[in-house]
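Asks: After the structure tokens below, expect a handful of questions from me.
The values are calculated or read from the model by the stated rules, or taken from the named source; none is laboratory data. Because the structure is predicted, anything quoted here is derived from the model rather than measured. FYI the Cβ positions are ideal-geometry reconstructions off the backbone, even for glycines, and counts take in every protein chain you see.
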Amino acid sequence: MPAKTFDVIVVGTGAGGGTAMKLLCEAGLSVCAINSGPRTDPSKDYKLHRQVYDLKYRGYGNPMRFAGNAHQEPYSVEESEYSEGRDLFEHDVAYSNAAGTDWYWKRCKATGGKANFWGRSSARYGDIDFKAADLDGFGQNWPVDYAEIAPWFSKAERYMGVASTVQNRPSNPDGEYLPPMPWRCIDYIIQKGAEKIGVPYLPDRCAQLTKAHNGHPACHYCGNCSRGCDVGAFFSPTWFTIPDAEATKNLTLLTNALVRSVLVDESGMATGVAYVDRGTKREVQVNAKVVVLAASCVETAHIMLNSKSRHWPTGIANSSGQLGKNLCDHLYGCPGYGYLPQLLGQPATPDNIADSTVAWMPRWQNLKNPKEEKFIRGYSVYMGGGCGEFPGHYSQLEGFGSEFKRNIKRYYPTPVGALIQAPSLPSAENYVDIDPEKKDTFGISQLRFHFQWGQNELLMWEHAKQVMIDLFKAMGAELWGMDDEPNRPGTSLHETGVCRFGSDPKTSVTNKWAQAHDVANLYICDASVFPSPTDKTTTMPIVAFTMRTCDHVLDNFKKGVHKRA
Amino acid sequence: MGGQGIERREILRYIGIASIAGTFPGFNKWAFACSQNHVHEAVLAVAHASAAPYKPLFFTPHQFQMVEHLAEMIIPADDTPGAKEAGVAEFIDFMVANRVPVSARRDVRSTQDAIELGNEAQNRFRSGLDWMNARSKSEFGKEFMECTGEQQKSLLEELAYKAKFKPTTESGRQFFQMMRDYTVVGYYTTRFGLESLGYPGLRVVWPSMPGCPHPNDPEHVHLQAPGATKVAAPSGAA
């Protein structure tokens, strides 16, 4: 590998890393981006515009496909038979769960990462999120407020293209939007029902191009978004940031390079990174003046915890002891599903050709008064339904024969279901550390999860189940059931907190620019800096905060804090 | 993989290409037998090469016949094709032989889980078919396939409808539920099944997303009764 010293190394090429390398390359810096897995090639890796019957195992995939791999559990939704055989997801590196923890760590190792397959919901955070501690007395505020980040949300939205409407809700600040997705029959019915019980149902903020945007084509509604887009009609590093960075000629992109640690000099400052070449299994070092970690939330903490030196005996930049702590996630699960009798027997409608959350119930709890509910803060709910890819509602219908078959068709437009998105609260019991014994195939110590849902998020879960009982009644709908338990932690892919930012170096890993308090030339561009989760998703804010961090990096190059290579 | 792996892969490859080109309106009997009218020439060529009667990978010929018959009872041909025409029995045989967790009772988290659950499904199918025969012998004095259509129907009804459940038939009910799961999955993952629903995703390019056609009736309480008006299919389906 090149013996040259780069201006910047960016570890990871997902939502954060891709954005960082684009902006830093465009500013004229020499950037070495290091990606854990292979390069994503949509024309080969996404089997799009296929039907399920074109797949040998009808979408289930070959059950023996991970025999012999270190991590054999398939990753639901994102990884499917549509991408099988392309080695996009991490199955070589295992992780461990402490006793009582059942964390489901989904990892896409190919360039672009999980942001190739993300859900595209892109709401802004507001002061109700940043200053939550002031409102309810729990935890700490973010070191950034809405006024400071709002221009960066605008930049992120303008770049990515987000479809929505102006809604004037203080808890959900409005942004700069493309035309919204049109509402389906189910959306109108849900909205009327929600209105009756005092719950908002509004267009989601959806990063999907309802018209051509910045040279990217409008969506053609093939419905395959979660398997990756074949034309780049929604924001993904593969179609947006990586081509932008490459166009500058300032980018060196290393693939199949699994970063093991950040290297430091005598004074404890970062000098580069060490990675394992997956092909040769040999360790390689790359040098740079500045290191940006954007390996996905918990992997960034993993690399830092494994970066032990005389200066940093418990991991780089960990004088606060907060590295790996405050692991949070969105509690996911279905608090209610059933069907809308209004639509029985109606002709099929193209409800899911956008494969997206057309509308949602943005947080409505604890708005007037931060303590109006038994829990603090709040959650959101996404609703799905209508004519889908498979008539899973058959399991609710009795019998067999022509009548059964007719009923499957009759109920086809009617099913609706909810997905709760409830933020966990930071807790001393929820963290990641390095497994003292287990090493992966490449000799790297494994990451270990310690995580349980807390009482606050479980109260939200119970609350949502009650709301769904009321909503289904108000819609004139029948409730078929609800999940007994929430999904396993990790399911949402919205982990946050393990390198939280803050003003006080004693209680946080980085400053408000996501620059390590202890190591001035180490920055973090992923959700690991977010100190507490919100009811909203993470990808668009990762892009916005990365844009702001990169501005600070460039400023520091200008001011001479960082020297060019 | 089973003995027909290579042919099947080839056929599927052609089907994949053909359906992308939009020139493949349907196929008959999943990957094994193809109806002449509908099929791309390349598919036909391969299909003819393997046009011999289907040789089950997992079931005995007799078991296979019974699976095919049960599947057709669950999803019969009526105004749209049934399970038999859609190759559901071949699907079940393939999935059971290859231990694909179609109706698994827990998550598959490792290859070992897949093997265990796959073996369990194989055992449940074998013992379930035996149970059906034992039941039909005790009820009607002959094996299931020798029973009349009415007798077969009554044997399934006591497994399918809560009102007809009997305390002694629990293992039969479990088998029926699994058989129904495999049949429904096998049918509604074929073009026949998806077309019978009017699955909108069969068309893969839309100029825009059509919204709700009745926004002036947001609660949808005044929709026309099904069948009252003939609704035109979306035009230009790919």
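Asks: Answer yes if at least one residue in region A:5-26 is of a type in the set (A, V, I, L, M), under 30 Å from B:Val204 (Cβ atoms) and more than 14 Å from every other protein chain (Cβ to nearest Cβ), and no otherwise. Give the steps one after another, and end with the answer.
Replies: Taking region A:5-26 and keeping what is of a type in the set (A, V, I, L, M), we get A:8-11, A:15, A:20-21, A:23-24.
So of that shortlist, the ones also under 30 Å from B:Val204 (Cβ atoms) come out as A:15.
From what is left, the residues that are more than 14 Å from every other protein chain (Cβ to nearest Cβ) are A:15.
Yes, some residue in region A:5-26 is of a type in the set (A, V, I, L, M), under 30 Å from B:Val204 (Cβ atoms) and more than 14 Å from every other protein chain (Cβ to nearest Cβ).
Asks: Tell me, which residue of region B:77-87 that is within 11 Å of chain A (Cβ to nearest Cβ) and under 13 Å from the mean Cα position of the chain (by Cα) is farthest from A:Asn69 (Cα to Cα)? Let's see the steps before the verdict.
Replies: Here is the first cut: in region B:77-87, the residues within 11 Å of chain A (Cβ to nearest Cβ) are B:77-83, B:86-87.
If we keep only those that are under 13 Å from the mean Cα position of the chain (by Cα) as well, we get B:77, B:81-83, B:86-87.
Values: B:Ala77: 44, B:Pro81: 42, B:Gly82: 40, B:Ala83: 37, B:Ala86: 35, B:Gly87: 34 Å.
Among them, the one singled out is B:Ala77.
Asks: Inside region A:39-69, can you point out the residues that are within 11 Å of chain B (Cβ to nearest Cβ), touching a residue at least 40 places away in the same chain (Cβ under 8 Å) and assigned to a loop (DSSP other than H, G, I, E, B)?
Replies: Going residue by residue through region A:39-69, those that are within 11 Å of chain B (Cβ to nearest Cβ) are A:47-69.
Filter again for touching a residue at least 40 places away in the same chain (Cβ under 8 Å), leaving A:47-49, A:52.
Selection gives A:Lys47, A:Leu48, A:His49.
Asks: Is it the case that some residue within region A:193-203 is facing another protein chain (nearest Cβ under 9 Å) and not polar (S, T, N, Q)?
Replies: Step one: list which residues in region A:193-203 are facing another protein chain (nearest Cβ under 9 Å), which gives A:193.
Then drop every residue that is not not polar (S, T, N, Q), which leaves A:193.
Checking region A:193-203: at least one residue is facing another protein chain (nearest Cβ under 9 Å) and not polar (S, T, N, Q).
Asks: Do we find that A:Val162 is β-branched (Val, Ile, Thr), within 21 Å of the chain's Cα centre (by Cα) and under 29 Å from A:His216 (Cβ atoms) in this structure?
Replies: Details: β-branched (Val, Ile, Thr): yes; within 21 Å of the chain's Cα centre (by Cα): yes; under 29 Å from A:His216 (Cβ atoms): yes.
For A:Val162, the condition - β-branched (Val, Ile, Thr), within 21 Å of the chain's Cα centre (by Cα) and under 29 Å from A:His216 (Cβ atoms) - is met.
Asks: Out of the residues in region A:70-83 that are of a type in the set (S, T, N, Q) and within 21 Å of B:Tyr188 (Cβ to Cβ), which is nearest to the other protein chains (Cβ to nearest Cβ)? Quick ask: steps written out before the conclusion?
Replies: Here is the first cut: in region A:70-83, the ones of a type in the set (S, T, N, Q) are A:72, A:76, A:80, A:83.
Okay, now just the ones that are also within 21 Å of B:Tyr188 (Cβ to Cβ), so A:76, A:80.
Details: A:Ser76: 9, A:Ser80: 13 Å.
If we take residues in region A:70-83 being of a type in the set (S, T, N, Q) and within 21 Å of B:Tyr188 (Cβ to Cβ), then A:Ser76 is nearest to the other protein chains (Cβ to nearest Cβ).
Asks: Any residue at all in region B:136-156 that's facing chain A (nearest Cβ under 8 Å), surrounded by fewer than 21 Cβ atoms within 10 Å (Cβ to Cβ), in a loop (DSSP other than H, G, I, E, B) and not charged (D, E, K, R)?
Replies: No; the residues of region B:136-156 include none that is facing chain A (nearest Cβ under 8 Å), surrounded by fewer than 21 Cβ atoms within 10 Å (Cβ to Cβ), in a loop (DSSP other than H, G, I, E, B) and not charged (D, E, K, R).
Asks: Name the one entry in A:Ala147, A:Ala156 that is among the aliphatic types (A, V, I, L, M), surrounded by fewer than 24 Cβ atoms within 10 Å (Cβ to Cβ) and outside any loop (DSSP other than H, G, I, E, B). Steps first, please.
Replies: Details: A:Ala156 fails: surrounded by fewer than 24 Cβ atoms within 10 Å (Cβ to Cβ).
When all the criteria are applied, what remains is A:Ala147.
Asks: Another question, then. Would you confirm, using the coordinates I've provided, whether A:Val529 is crowded, with 22+ Cβ neighbours inside 10 Å and either more than 14 Å from the chain's Cα centre (by Cα) or aliphatic (A, V, I, L, M) (or both)? Talk me through it step by step, then tell me what you get.
Replies: Working: crowded, with 22+ Cβ neighbours inside 10 Å: yes; either more than 14 Å from the chain's Cα centre (by Cα) or aliphatic (A, V, I, L, M) (or both): yes.
Taking the combined requirement at face value, the residue satisfies it.
Asks: Here is a follow-up. Go through A:Leu367, A:Leu397 for me and flag whichever is under 29 Å from the mean Cα position of the chain (by Cα) and either within 12 Å of chain B (Cβ to nearest Cβ) or surrounded by fewer than 24 Cβ atoms within 10 Å (Cβ to Cβ) (or both). Give the derivation first.
Replies: Details: A:Leu397 fails: under 29 Å from the mean Cα position of the chain (by Cα).
One residue alone meets the criteria, A:Leu367.
Asks: Let me ask something additional. From the list A:Ala27, A:Ala33, A:Ala70, pick out the single residue that is surrounded by fewer than 20 Cβ atoms within 10 Å (Cβ to Cβ) and under 27 Å from A:Arg260 (Cα atoms).
Replies: On the way: A:Ala27 fails: under 27 Å from A:Arg260 (Cα atoms); A:Ala33 fails: surrounded by fewer than 20 Cβ atoms within 10 Å (Cβ to Cβ).
After ruling out the rest, the residue left standing is A:Ala70.
Asks: Here is a follow-up. Restricting attention to region A:378-394, report how many residues are of a type outside the set (Ser, Thr, Tyr), more than 10 Å from chain B (Cβ to nearest Cβ), touching a residue at least 40 places away in the same chain (Cβ under 8 Å) and not in a helix (DSSP H, G or I).
Replies: Looking only at region A:378-394, we keep the residues that are of a type outside the set (Ser, Thr, Tyr), and these are A:378, A:381, A:383-393.
Those still in the list that are more than 10 Å from chain B (Cβ to nearest Cβ) too: A:378, A:381, A:383-385, A:393.
The next check asks that each one be touching a residue at least 40 places away in the same chain (Cβ under 8 Å); those that pass are A:378, A:381, A:383, A:385, A:393.
If we keep only those that are not in a helix (DSSP H, G or I) too, we end up with A:378, A:381, A:383, A:385.
So the answer is 4.
Asks: If you don't mind, there's one more thing I want to ask. So, of the residues in region A:164-192 that are among the β-branched types (Val, Ile, Thr) and in contact with a strand residue (DSSP E or B) (Cβ under 6 Å, 6 or more places away or on another chain), which turns out to be nearest to the other protein chains (Cβ to nearest Cβ)? Even if it seems obvious, please write down each step before you answer.
Replies: Let us first name the residues in region A:164-192 that are among the β-branched types (Val, Ile, Thr), namely A:165-166, A:186, A:189-190.
Still in the list and also in contact with a strand residue (DSSP E or B) (Cβ under 6 Å, 6 or more places away or on another chain): A:165, A:186, A:190.
Numbers: A:Thr165: 14, A:Ile186: 8, A:Ile190: 10 Å.
The selected residue is A:Ile186.
Asks: Got at least one residue in region A:267-276 being under 30 Å from A:Gly137 (Cα atoms) and either at pLDDT 95 or above or of a type outside the set (S, T, N, Q) (or both)? Lay out the reasoning, then the answer.
Replies: Filtering region A:267-276 for residues under 30 Å from A:Gly137 (Cα atoms) gives none.
Within region A:267-276 (the criterion being under 30 Å from A:Gly137 (Cα atoms) and either at pLDDT 95 or above or of a type outside the set (S, T, N, Q) (or both)), the answer is no, since none of the residues qualifies.
Asks: With the condition kept exactly as written, say whether any residue in region B:162-173 is closer than 30 Å to A:Asn352 by Cα and either surrounded by fewer than 20 Cβ atoms within 10 Å (Cβ to Cβ) or within 14 Å of chain A (Cβ to nearest Cβ) (or both). Spell out how you get there, then give the answer.
Replies: Kept after step one, since they are closer than 30 Å to A:Asn352 by Cα, are these residues of region B:162-173: none.
Within region B:162-173, none of the residues are closer than 30 Å to A:Asn352 by Cα and either surrounded by fewer than 20 Cβ atoms within 10 Å (Cβ to Cβ) or within 14 Å of chain A (Cβ to nearest Cβ) (or both).
Asks: Just the residues that are of a type in the set (Ser, Thr, Tyr) and assigned to a loop (DSSP other than H, G, I, E, B), please, taken from region A:1-38.
Replies: Restricting attention to region A:1-38, the residues satisfying the condition of being of a type in the set (Ser, Thr, Tyr) are A:5, A:13, A:19, A:30, A:36.
A:Thr13, A:Ser30, A:Ser36, listed by residue number.
Asks: Of the numbered conditions (1) more than 12 Å from chain B (Cβ to nearest Cβ); (2) under 30 Å from A:Asn224 (Cα atoms); (3) of a type in the set (D, E, K, R), A:Arg310 satisfies every one except a single condition; which is it?
Replies: With respect to (1) more than 12 Å from chain B (Cβ to nearest Cβ); (2) under 30 Å from A:Asn224 (Cα atoms); (3) of a type in the set (D, E, K, R), A:Arg310 is out only on (2).
Asks: From the list A:Trp461, A:Trp480, A:Trp453, exactly one residue is part of a helix (DSSP H, G or I), farther than 30 Å from A:Asp7 by Cα and touching a residue at least 60 places away in the same chain (Cβ under 8 Å). Which is it?
Replies: Numbers: A:Trp480 fails: part of a helix (DSSP H, G or I); A:Trp453 fails: part of a helix (DSSP H, G or I).
Going through A:Trp461, A:Trp480, A:Trp453 in turn, just one is part of a helix (DSSP H, G or I), farther than 30 Å from A:Asp7 by Cα and touching a residue at least 60 places away in the same chain (Cβ under 8 Å): A:Trp461.
Asks: Here's another thing I want to ask about it. Of the residues B:Gly193, B:Gly201, which single one is at pLDDT 60 or above, part of a helix (DSSP H, G or I) and more than 8 Å from chain A (Cβ to nearest Cβ)? Don't jump to the end; show me each part of the working.
Replies: Details: B:Gly201 fails: more than 8 Å from chain A (Cβ to nearest Cβ).
Only one candidate qualifies: B:Gly193.
Asks: Here is a check on your reading of the model: is A:Tyr339 more than 14 Å from chain B (Cβ to nearest Cβ) and aromatic (Phe, Trp, Tyr)?
Replies: Details: more than 14 Å from chain B (Cβ to nearest Cβ): no; aromatic (Phe, Trp, Tyr): yes.
No; evaluated as a whole, the condition is false for this residue.
Asks: Also, I was wondering about something else. Working only within region A:115-147, note down all residues that are touching a residue at least 60 places away in the same chain (Cβ under 8 Å), out of contact with any Ser or Thr (no Cβ under 7 Å at 6 or more places or on another chain) and of a type in the set (Lys, Arg).
Replies: A:Arg124
Asks: Hey, among the residues in region B:64-107 that are among the charged types (D, E, K, R) and in a loop (DSSP other than H, G, I, E, B), which one's modelled with the lowest pLDDT? Spell out the reasoning first.
Replies: If we filter region B:64-107 for residues that are among the charged types (D, E, K, R), which is where we start, we get B:68, B:72, B:78-79, B:84-85, B:90, B:93, B:99, B:105-107.
If we keep only those that are in a loop (DSSP other than H, G, I, E, B) too, we end up with B:78-79, B:84-85, B:99, B:105-107.
Working: B:Asp78: 97, B:Asp79: 96, B:Lys84: 96, B:Glu85: 96, B:Arg99: 94, B:Arg105: 81, B:Arg106: 85, B:Asp107: 84.
Looking at the filtered set, the residue picked out is B:Arg105.
Asks: Considering only residues that are part of a loop (DSSP other than H, G, I, E, B) and within 14 Å of another protein chain (Cβ to nearest Cβ), look in region A:84-100 and name the one that is nearest to A:Ala527 (Cα to Cα). Lay out the reasoning, then the answer.
Replies: Let us first name the residues in region A:84-100 that are part of a loop (DSSP other than H, G, I, E, B), namely A:84-88, A:90-95, A:98-100.
Filter once more, keeping what is within 14 Å of another protein chain (Cβ to nearest Cβ): A:84-85, A:91, A:94-95.
Working: A:Glu84: 28, A:Gly85: 29, A:His91: 23, A:Ala94: 22, A:Tyr95: 20 Å.
Ranking the candidates gives A:Tyr95 first.
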